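Visitor: Encoded as structure tokens, here's the structure I'll be asking about.
The values are calculated or read from the model by the stated rules, or taken from the named source; none is laboratory data. The model shown is predicted, which means the values in this text are computed figures rather than measured ones. Here Cβ is always computed from backbone atoms with ideal geometry, including for glycine, and neighbour counts include all displayed protein chains.
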Amino acid sequence: MEKLQGVIFDLDGVIVSTDDCHYRAWKKMADEEGIEFDREINERLRGVSRMDSLEIILEKATKAYSDAEKQEMATRKNNYYVELIGALTPADILPGAMDVLNWLKEHGIKVAIGSSSRNTPIILRQIGLDGFFDAVADGNQITRSKPDPEVFLLAAKLLGLDPAVCMVVEDADAGVEAALAGGMRVLGVGSAMNNESATYRAETLEKADIASIAG
Ligand code: BG6
Ligand code: MG
């Protein structure tokens, strides 16, 4: 394997846990519409774009919705979500994330964000990491959701690096698949720690031995 020169972090579930905010916002919208929605269905939304997430939720709908209605529902959910993430602070950064980020920077390895979320700029500001990363690729700049590698390929390009010298850190199976499809090695954490396709696996960033992974 070529020497590691850049690490691309997924945001939700890797740097910060926004899972519960996403769940509560979708749940409120689904309850208003009388659509069954629970934490098990929520698990399927990990790494999936906003509109694709809505389509998964609508599998339980008892009526058909027009495109305009779907747009309104996604906007309504996002308004609830933006209100909830307004309460995020640097204390919500997941254990181990800052240590890994600082270690990489100290060792001359570039760091980037590769997230499907269009709310990435708000979240980075809330947790005090605005301007910290060498590159940020997010849902505002891409057209294809993970498992398509588009967001990670864009992040590598913004870092000026070949995918072969980059590693992705992901908590979603769709993200692990996307990283591999983009020709990158991948560290699976959280829900992706049991993903056998991942190059490396760890329960959390706190438990990951970044020095040995980086070689
Ligand atoms: C991903 C989350 O990071 O972003 C998904 O894991 C979410 O659950 C997706 O649906 C899109 O987020 P947003 O903020 O653009 O609605
Ligand atoms: Mg994630």
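Visitor: Quick check on my filter: what residues within the range 91-138 are of a type in the set (D, E, K, R) and not in a helix (DSSP H, G or I)? Steps first, please.
Guide: We begin by selecting, within the range 91-138, every residue of a type in the set (D, E, K, R); these are 92, 99, 105-106, 110, 118, 125, 130, 134, 138.
Correct list: LYS110, ARG118, ASP130, ASP134, ASP138.
Visitor: For the range 2-36, give me each residue that is among the aliphatic types (A, V, I, L, M) and either assigned to a helix (DSSP H, G or I) or at positive phi (or both).
Guide: Quick first cut of the range 2-36, residues among the aliphatic types (A, V, I, L, M) only: 4, 7-8, 11, 14-16, 25, 29-30, 35.
Scanning the range 2-36 gives ALA25, MET29, ALA30.
Visitor: Counting only residues that are among the charged types (D, E, K, R) and in contact with a Leu (Cβ under 6 Å, 6 or more places away or on another chain), which one in the range 91-133 is farthest from LEU154 (Cα to Cα)? Let's see the steps before the verdict.
Guide: Keep residues of the range 91-133 that are among the charged types (D, E, K, R), which gives 92, 99, 105-106, 110, 118, 125, 130.
Going one step further and asking which of them are in contact with a Leu (Cβ under 6 Å, 6 or more places away or on another chain), we end up with 110, 130.
Numbers: LYS110: 14, ASP130: 19 Å.
Ranking the candidates gives ASP130 first.
Visitor: Tell me which residues, restricted to the range 175-204, are under 17 Å from ILE142 (Cβ atoms) and acidic (Asp, Glu).
Guide: Within the range 175-204, just GLU177 meets the criteria.
Visitor: What number of residues within the range 151-167 are more than 15 Å from GLU2 (Cβ to Cβ) and either surrounded by 24 or more Cβ atoms within 10 Å (Cβ to Cβ) or aromatic (Phe, Trp, Tyr) (or both)?
Guide: 3
Visitor: Any chance you could count how many residues in the range 173-193 are crowded, with 24+ Cβ neighbours inside 10 Å and at pLDDT below 95?
Guide: The number of residues fulfilling the criteria is 0.
Visitor: Let me ask another. From ALA87, ALA74, ALA91, which residue is under 21 Å from the mean Cα position of the chain (by Cα), within 23 Å of SER17 (Cβ to Cβ), surrounded by 12 or more Cβ atoms within 10 Å (Cβ to Cβ) and among the aliphatic types (A, V, I, L, M)? If you could, list the steps in order and put the result at the bottom.
Guide: Numbers: ALA87 fails: surrounded by 12 or more Cβ atoms within 10 Å (Cβ to Cβ); ALA91 fails: surrounded by 12 or more Cβ atoms within 10 Å (Cβ to Cβ).
Unique residue meeting the criteria: ALA74.
Visitor: In the list GLU196, GLU203, which residue meets the criterion of being within 16 Å of ligand 2 (Cβ to nearest atom) and either closer than 18 Å to LYS3 by Cα or at pLDDT 95 or above (or both)? So that I can check it myself, show each step before the final result.
Guide: Numbers: GLU196 fails: within 16 Å of ligand 2 (Cβ to nearest atom).
One residue alone meets the criteria, GLU203.
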